[in-house]
1. First compute the accessible area of the stretch 23-93 with a 1.4 Å probe, then give the percent of it belonging to carbon and sulfur atoms.
2. Go through M21, M198 and list them by solvent-accessible area, largest first, probe radius 1.4 Å.
3. Roll a 1.4 Å probe over the protein heavy atoms and report the accessible area of I247 in Å², nearest 10.
4. In deg cm²/dmol, rounded to 500, what helix-only [θ] at 222 nm does the chain give when every DSSP H run of at least 4 residues adds -39500 (n - 2.57) and the total is split over its residues?
5. Tell me the angle of helix 12-23 to the major Cα principal axis of the chain, expressed in degrees between 0 and 90 and rounded to the nearest ten.
6. Once you've got the Cα coordinates, tell me which of K37/K212; K331/K355; K121/K212; K212/K271; K271/K331; K331/K362 are over 18 Å apart.
7. What do the square roots of 5 times the Cα gyration tensor eigenvalues come to for the chain, in whole Å, largest first, as semi-axes of the equivalent ellipsoid?
8. Among R147, R303, what's the order by accessible area (1.4 angstrom probe), most exposed first?
Amino acid sequence: MALTVSVIGIGYLGSVHAACMADLGHTVIAVDVDAEKIAALAGGHSPIYEPGLDELLARVLPTGRLTFTTELADAAAADVHFICVGTPQREGEPAADVSAVFAVGEGLAPYLRGDALVVGKSTVPVGTAAALRARMQQRALEGVSVRLAWNPEFLQEGHAITDTVSPNRFVYGVDPRTRDADVALLDEVYAVPLSAGMPRIVTDYATAELVKVAANAFLATKISFINAMSEVCEAAGGDVVALADAIGADERIGRAFLGAGVGFGGGCLPKDIRAFMARAGELGADQALTFLREVDAINFRRRSRMVDLAREELGGSLRDRRVTVLGAAFKPDSDDVRDSPALDVAQACRSAGAKVVVHDPKAVGTARAAHPLLECTEDLEAALRGAEIVLLLTAWRQYRDMDPGWAVTLVETPTVVDGRNALDVGSWRAAGWRYRALGRPTI
């Protein structure tokens, strides 16, 4: 049965969720305080780059099932309200800033009908849901009992639409007092993917809140593990790519997220593991997550090592040398530059005196906003021309498929440092390039 759904907070998560819910047949009211963003989305233009999102908007907007507004009151009639606001790292602290979650919940509470369900999707510290429900109940109309569930998202940037409508699991964290009714309503929301056999796990608030941060902590640990092995390979003369292939063949380990390189970034993994450690400390369980400090440290060491390799290849100094950085986004198929390893390396090279040019197919605008002093371009040929060293830092297909024979004609010195182990070593060396990579032997 089609429902009326509100999605509050139209950032990366909310914009994708709203469009997908409308595509599933629901009537969706998307709410955000940013009038410029709302106007752009209402016109069919997403302010973020996510493959397929503009096409999805073009499909659902003409149906009339998706509308955008800046007024929370416009969402009052919804059967289900999704909270999708951001929970960034607090300024100067590792803990998560959940003020927007509470602000939305408290603002929404007076508009709630007794049969409506509020559903948190934001990544929050464990204990947030229970506190939010209590605060909403204080502000709800007399006689209205607030119903709240937690339904964490598991989106991968670049695959967000598929991950929304066809995830590998749904998780419902529900209040035991309203469990059956809340589960039934969420099942209506996700009726289409559930009918295709997508599994769902029904649990309590705390477990649902922990699922997302625990998953991100595990993935970050796996990435940092192979990057630690990369450090050992460099010391011992081993090849971290062959090592990852060999251990990844073990089905207990798996090859996914064993891509050694310059490390992880983005708006989730870095801030989530720090917030997880902070919350564990508040709960008196800080010793359980001390290993995440080393996970974070390994990740940052890879960025520093990339700068060191560039300096080595340029004879010990970066001053006045032309450095081309391929990639600005933290990962391909995204324009997200939050905590981007590529931009950290580019900025470090610039601070060391290099003349840095950054290229990215989609993230030049966001890169310029984050680092206005960096020279950024969408013209790959211009970025490569005259380079004394090329640093590949985001594994866009455009770079992986680039003809090294074409690129060698543009640069001043054919030296490439592959920070993602993404290039075909043989073809680049055959085209005359000196090839270096993190965790691989130098020839």
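The values are calculated or read from the model by the stated rules, or taken from the named source; none is laboratory data. Just so it is clear, the model here is predicted, and its values are computed rather than measured. Neighbour counts run over all protein chains shown; Cβ positions are idealised from the backbone, glycine included. Note: accessible area is taken over every heavy atom of the protein model, side chains too, but ligands, DNA and RNA are not part of it. Shrake-Rupley method; radii C 1.70, N 1.55, O 1.52, S 1.80 Å.
1. Details: 1710 of 3340 Å².
The nonpolar share, carbon plus sulfur, comes to 51 percent.
2. Descending accessible area places them as M198, M21.
3. For I247, the solvent-accessible surface is approximately 40 Å².
4. Numbers: 18 runs with 187 residues, N = 443.
So the helix-based figure for the chain works out to -12500 deg cm²/dmol.
5. Value to nearest ten degrees: 60.
6. K37/K212; K331/K355
7. On the way: eigenvalues 365, 114, 75 Å².
Gyration-tensor ellipsoid for the chain: 43, 24, 19 Å.
8. Working: R147 35, R303 10 Å².
Final ranking, largest accessible area leading: R147, R303.
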